[in-house]
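The values are calculated or read from the model by the stated rules, or taken from the named source; none is laboratory data. Quantities reported herein were computed from a predicted structural model and do not represent experimental measurements. Here the Cβ positions follow ideal geometry from the backbone for every residue, glycine too, while neighbour counts run over all protein chains shown.
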Amino acid sequence: MKRKSYGRDAGLTSRMLFTTFLLGLLYVVFAVVLFNVLNVALVPMILIVVGLAFFQYYTSDKLALAASGARVVTPEQAPELHAMVERLCAMADLPKPKVAMIDTDMPNAFATGRSPKHAAVAVTSGLMRRLDPEEIEGVLAHELSHVANRDVLVMTFASFFAMLAGLLTRFGLYAGMFGGGFGSNRSSNNNQNGVPVWLAVLAISIVVYAISWVLIRTLSRYREFAADRGSALITGAPEHLMSALQKISGQIAVIPAQDLREVSAMNAFFIIPTNVRQKTAELFMDHPPLEKRLAKLAEIAREMGRPVS
Amino acid sequence: MGIFGKSKLKQPADERLFALTTAAVTLQVDVGLVFAGKAALVFKPLSASAFDDVVKAADELLDSVAHDSGSKVTRETDSFGYEWVIVGDPELEDAVAGIHLLASELEQQGFGDRLLAALFRFKGEEHPVYWVYGYKAGVFWPFVPTGGQERDNAKELELKAKLEQELPIESDLSKWFGMFDAPV
């Protein structure tokens with residue numbers, strides 16, 4: 001008997017396509033307007049953004065690992081973690097990514113890399129300490145789904161024009177401040193009694209940036225739902241990811257696991273690190289609210305006929 | 001005020017230590033926790049003879065007071081190099097007063113910055129419940145170790161929810177550091 005596949009959610013896929021369509025439409029309009037307002041000046045700027053995007057895309061694994069202070073661990077250093085990743089990769093038919101650890105008490109994990117062959121998954125020591133093996137497996141499967149879904153590629157494309165708009169906003173501001181800017185190559189008749197070109201570009205860029213920001217975030221949330229679904233599919237047990245999510249994003253995540261005396265010794269006596277909270281906010285941005293993710297996972301669990309506590 | 005006569009300029013942090021004695025009723029009625037007869041002051045000693053003298057003097061003072069109230073006072077150094085003055089007394093009021101006396105003595109001699117925390121042990125659950133009082137911020141937070149480096153976060157949050165009205169509780173959960181293997 002052929003069983004129903006749980007990997008697809010038609011509603012989610014159509015919402016994702018619709019968001020992508022809106023984003024594409026916005027970018028086309030933006031590009032057309034820009035080409036009409038300032039023709040030549042745009043080319044070097046697009047080149048810069050293309051360069052940046054490619055750089056980001058190609059170095060995404062190394063960049064993200066370095067930025068988060070993660071160190072790649074060998075199978076000897078973290079045998080259980082490696083075994084878990086290998087099992088999940090075999091299930092999901094993925095090449096094994098690099099495995100990295102971040103030495104921080106905040107429970108968290110992320111995946112990065114431009115393709116499944118150049119991917120890395122990283123988990124924090126706080127995650128390993130707080131979660132049970134099944135829960136860690138659920139989280140790893142979620143991250144591997146991001147790799148399988150090619151999320152780095154999708155998001156790099158999605159944010160390409162947002163980057164351009166952001167850059168133009170900045171240039172527009174400088175141009176306005178110093179009075180020159182885009183004006184060097186414009187024809188005089190196109191701008192005699194209207195608003196200055198730099199102001200128009202600035203306004204359009206800000207609008208484009210704002211709208212694309214919302215759309216990118218929406219898309220990103222959809223990708224999270226898709227990865228949650230992928231995790232449920234790989235592990236066959238969404239309830240473990242549910243309890244992991246509760247542990248990771250609930251209040252409990254904030255309570256430290258270290259000893260007061262240890263911390264005091266490290267932080268020059270009594271200065272308690274304040275960057276802990278900022279880091280969580282940063283990594284959890286772009287994620288849907290916990291309740292919605294849990295509700296979706298519970299739905300999948302019911303479909304699968306799994307128990308939901 | 002008898003023994004507290006010296007501290008006319010009361011430190012705000014110290015005043016809040018006594019909130020625990022008022023909260024004791026709620027702890028017993030609502031949560032079923034009673035004072036386990038053990039409390040401790042934790043501080044980092046200075047390797048200066050002036051500091052030793054002050055600690056010795058404070059100790060003697062505490063001993064004489066303890067003699068009157070029937071408390072037992074012992075000292076211990078832990079693996080982190082912190083000094084523990086442990087006050088054993090069945091009455092929470094006496095234990096709090098003893099800790100306060102010692103702490104304010106150290107503060108008055110200018111060593112207030114060496115104070116790390118005060119610990120009060122409660123019983124009535126499967127695991128011991130500690131109320132940790134951080135001297136720098138003058139706030140309490142619950143700590144429920146369950147063996148090794150593990151702690152019962154759910155229980156701690158429940159305690160916060162139930163005691164919030166009566167105890168000044170550290171609102172920043174990321175500062176709820178544990179005191180594992182506490183000798184009390």
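Which ones in segment A:80-96 are surrounded by fewer than 14 Cβ atoms within 10 Å (Cβ to Cβ) and either aliphatic (A, V, I, L, M) or modelled with pLDDT of 95 or more (or both)?
The first filter runs over segment A:80-96 and keeps only residues surrounded by fewer than 14 Cβ atoms within 10 Å (Cβ to Cβ), leaving A:80, A:83, A:86, A:90, A:93, A:95.
If the condition is that a residue be surrounded by fewer than 14 Cβ atoms within 10 Å (Cβ to Cβ) and either aliphatic (A, V, I, L, M) or modelled with pLDDT of 95 or more (or both), then A:83, A:90 are the ones that fit.
Being surrounded by fewer than 19 Cβ atoms within 10 Å (Cβ to Cβ), of a type in the set (Ser, Thr, Tyr) and within 18 Å of residue A:152 (Cα to Cα) is true for just one of A:125, A:115. Which residue is that? Before you say what the answer is, go through the steps one by one.
On the way: A:125 fails: within 18 Å of residue A:152 (Cα to Cα).
Matching residue, one of A:125, A:115: A:115.
More than 17 Å from residue B:179 (Cα to Cα), touching a residue at least 24 places away in the same chain (Cβ under 8 Å) and of a type outside the set (Gly, Ala, Ser): does that describe residue B:105? Spell out how you get there, then give the answer.
Numbers: more than 17 Å from residue B:179 (Cα to Cα): yes; touching a residue at least 24 places away in the same chain (Cβ under 8 Å): yes; of a type outside the set (Gly, Ala, Ser): yes.
Taking the combined requirement at face value, the residue satisfies it.
What number of residues within segment B:105-133 satisfy the criterion of being more than 18 Å from residue B:147 (Cβ to Cβ) and among the acidic types (Asp, Glu)?
3
Can you run down the residue pairs with Cβ atoms below 8 Å, 6 or more apart or on separate chains, where the first is in segment B:168-184 and touching a residue at least 40 places away in the same chain (Cβ under 8 Å) and the partner is among the small types (Gly, Ala, Ser) and crowded, with 21+ Cβ neighbours inside 10 Å?
Within 8 Å, the pairs are B:175/B:134; B:179/B:117; B:182/B:40; B:183/B:40; B:184/B:39; B:184/B:40.
Out of the residues in segment B:60-86 that are in contact with a helix residue (DSSP H, G or I) (Cβ under 8 Å, 6 or more places away or on another chain) and within 19 Å of residue B:110 (Cα to Cα), which is surrounded by the fewest Cβ atoms within 10 Å (Cβ to Cβ)?
The extreme case among them is B:61.
Would you tally the residues in segment A:188-209 being hydroxyl-bearing (Ser, Thr, Tyr), exposed (fewer than 14 other Cβ atoms within 10 Å of the Cβ) and either within 23 Å of residue A:164 (Cα to Cα) or at pLDDT 75 or above (or both)?
Applying the first criterion (hydroxyl-bearing (Ser, Thr, Tyr)) to segment A:188-209 yields A:188, A:205, A:209.
From the residues that got through so far, the ones that are exposed (fewer than 14 other Cβ atoms within 10 Å of the Cβ) too are A:188.
With the extra rule that they be either within 23 Å of residue A:164 (Cα to Cα) or at pLDDT 75 or above (or both), the set shrinks to none.
Final tally of qualifying residues: 0.
In segment A:61-158, which helices (runs of 4 or more DSSP H) lie fully inside it and hold 1 or more residues that are among the basic types (Lys, Arg)?
Those helices (runs of 4 or more DSSP H) span A:79-92, A:125-130.
Given the conditions (1) within 14 Å of chain B (Cβ to nearest Cβ); (2) surrounded by fewer than 21 Cβ atoms within 10 Å (Cβ to Cβ), and given that residue A:248 satisfies all but one, which numbered condition is not satisfied?
Result: residue A:248 passes all but (2).
Collect the residues in segment B:87-101 that are surrounded by fewer than 17 Cβ atoms within 10 Å (Cβ to Cβ) and touching a helix residue (DSSP H, G or I) at 6+ places or on another chain (Cβ under 8 Å), keeping them in residue-number order.
B:91, B:93
Hey, can you tell me all the residues within segment B:160-184 that are assigned to a loop (DSSP other than H, G, I, E, B) and more than 10 Å from every other protein chain (Cβ to nearest Cβ)? Don't jump to the end; show me each part of the working.
Step one: of segment B:160-184, the residues assigned to a loop (DSSP other than H, G, I, E, B) are B:164-168, B:170-172, B:176-177, B:179-184.
Hits for segment B:160-184 are B:164, B:165, B:166, B:167, B:168, B:170, B:171, B:183, B:184.
Could you identify the single residue in A:239, A:224, A:291, A:282 that is in a helix (DSSP H, G or I) and either among the aliphatic types (A, V, I, L, M) or modelled with pLDDT under 65 (or both)?
Criteria check complete, one pass: A:282.
Just checking, which of B:162, B:123, B:155, B:136 is surrounded by fewer than 20 Cβ atoms within 10 Å (Cβ to Cβ) and at pLDDT 90 or above?
B:123
Residue by residue through segment A:117-174, note down the ones that are more than 14 Å from the chain's Cα centre (by Cα), under 30 Å from residue A:31 (Cβ atoms) and modelled with pLDDT of 80 or more.
Correct list: A:118 only.
Show the residue pairs that are 6+ apart or on different chains and have beta-carbon atoms under 6 Å apart, the first residue being within segment B:138-155 and within 11 Å of chain A (Cβ to nearest Cβ), the second being outside any strand (DSSP E or B) and modelled with pLDDT under 80.
B:153/A:252; B:153/A:255
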